[in-house]
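Colleague: My structure is below; once you've seen it, I'll send some questions.
The values are calculated or read from the model by the stated rules, or taken from the named source; none is laboratory data. Only a predicted model underlies this, so the values are computations on that prediction, with no experimental measurement involved. Because the Cβ atoms are built from the backbone with ideal geometry, glycine has one as well, and the counts that use them run over all protein chains shown. The protein model used for the area step is the full one, side chains on, heavy atoms only, and it has no ligands, DNA or RNA in it. Shrake-Rupley method; radii C 1.70, N 1.55, O 1.52, S 1.80 Å.
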Amino acid sequence: MTFRVAIYAFPNMEVLDFAGPFEVFTTASRVYGRENPGQPAPFEVCTIAQSVGPIQARAGLRVLPDYTLATCPQPGILLIPGGVVDAELRNSEVIDWVAQCSKSVSVTASVCTGAFIIAKAGLLAGRRATTHWEDIADLQAAFPDVQVVDNKRWVDEGAVVSSAGIAAGIDMSLHLVARFAGHALAEATARQMDVPYVREA
């Protein structure tokens, strides 16, 4: 079974927040294909945005999304990166779309301050979650019904998974590779990327 991983792109998102998971899932499929020629890839990755046209990420990198919110095929995993999220939190179309999309995916995941977006969409109420260490107190203050966890690389609550700051999105994505395609592939992916494979958050 191939899981479509849809990564939401928005202005001023943190580059590694989306590029790290993108690299993990695409590398996992490449590694799998090398060992299992002719078999369907475990993951297919796409980027989505509110509208067509380039998205300028934090520090100026431009990203051209594959789909809009309206045209994106049904994902299996929805991933929300962080960055400067103030405008996204005020954007009811985005928040409503995340809330609706989360009902039909296997997992909604966030990296860094992407936790604020999924919290605003109501996905973290009564659940544990984490974010960048600088934003722990702000997340707890803004969403008192969330049990905010510090000093964890990621927090897996089943249908919702959140990760700490920036590079922690790589660890969380490897965890999701393990969850959906097995620890052996996650470990091989980490080795291919030359990053540590952290099995426990």
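Colleague: Report the percentage of all Cα-Cα pairs in the range 1-101 whose separation exceeds 24 Å, rounded to a whole percent.
Modeller: 24
Colleague: Average projected area of the Cα convex hull of the chain, in nm²?
Modeller: 10.4
Colleague: Evaluate the relative contact order of the range 108-201 (contact order divided by residue number), counting alpha-carbon pairs under 8 angstrom at least 6 apart; express in whole percent. Could you put the intermediate results ahead of the total?
Modeller: Numbers: 156 pairs, mean separation 25.0, N = 94.
Relative contact order here is 27 percent.
Colleague: Given labels modelled 7 Å from the Cα in the Cβ direction, how far is it in nm from residue 58 to residue 26?
Modeller: Label at residue 58, label at residue 26, 2.1 nm between them.
Colleague: Choose one answer from 14, 35, 88: the residue with the largest mean-square fluctuation in a GNM of the chain with alpha-carbon springs under 10 Å.
Modeller: Of 14, 35, 88, the most mobile in the Gaussian network model is 35.
Colleague: Of all the accessible heavy-atom surface of the chain, with the other protein chains kept in place and a 1.4 Å probe, what percent is carbon and sulfur?
Modeller: Ligands and nucleic acids excluded, carbon and sulfur reach 50 percent.
Colleague: Can I ask one more? With a 1.4 Å probe and all protein chains kept in place, how do 197, 67 rank by accessible area, largest first?
Modeller: Ranked list, largest accessible area first: 67, 197.
Colleague: Where the eigenvalues come from the Cα gyration tensor of the range 1-45, what are the semi-axes √(5λ) of the equivalent ellipsoid, largest first, in whole Å?
Modeller: Each semi-axis is the square root of five times an eigenvalue, giving 25, 11, 5 Å.
Colleague: If you rank 97, 133 by how much accessible surface each has, with a 1.4 Å probe, what is the order from largest down? Before the final figure, lay out each step's value.
Modeller: Details: 97 45, 133 185 Å².
Putting 97, 133 in descending order of accessible area: 133, 97.
Colleague: Can you give the % of DSSP beta bridges in the chain that are antiparallel, to the nearest 5?
Modeller: Rounded to the nearest five, the antiparallel share is 20 percent.
Colleague: I would also like to ask the following. Once the Cα atoms of the range 81-133 are picked out, what are the Rg and Dmax in Å?
Modeller: Cα radius of gyration and Dmax of the range 81-133 are 10.4, 30 Å respectively.
Colleague: Let me ask another. Show me the three semi-axes of the equivalent ellipsoid for the range 116-187, from the C-alpha gyration tensor (sqrt of 5 times each eigenvalue), largest first, rounded to whole Å. Spell out each step's value before the answer.
Modeller: Numbers: eigenvalues 108, 35, 14 Å².
Those come to 23, 13, 8 Å.
Colleague: Suppose accessible area is computed on protein heavy atoms with a 1.4 Å probe; arrange 180, 18 from highest to lowest.
Modeller: So the residues, ranked largest to smallest area, are 180, 18.
Colleague: Provide the per residue accessible area, probe 1.4 Å, for the chain, rounded to a whole number of square angstrom. Before the final figure, lay out the partial values.
Modeller: On the way: 9120 Å² over 201 residues.
Ligands and nucleic acids excluded, the result is 45 Å² per residue.
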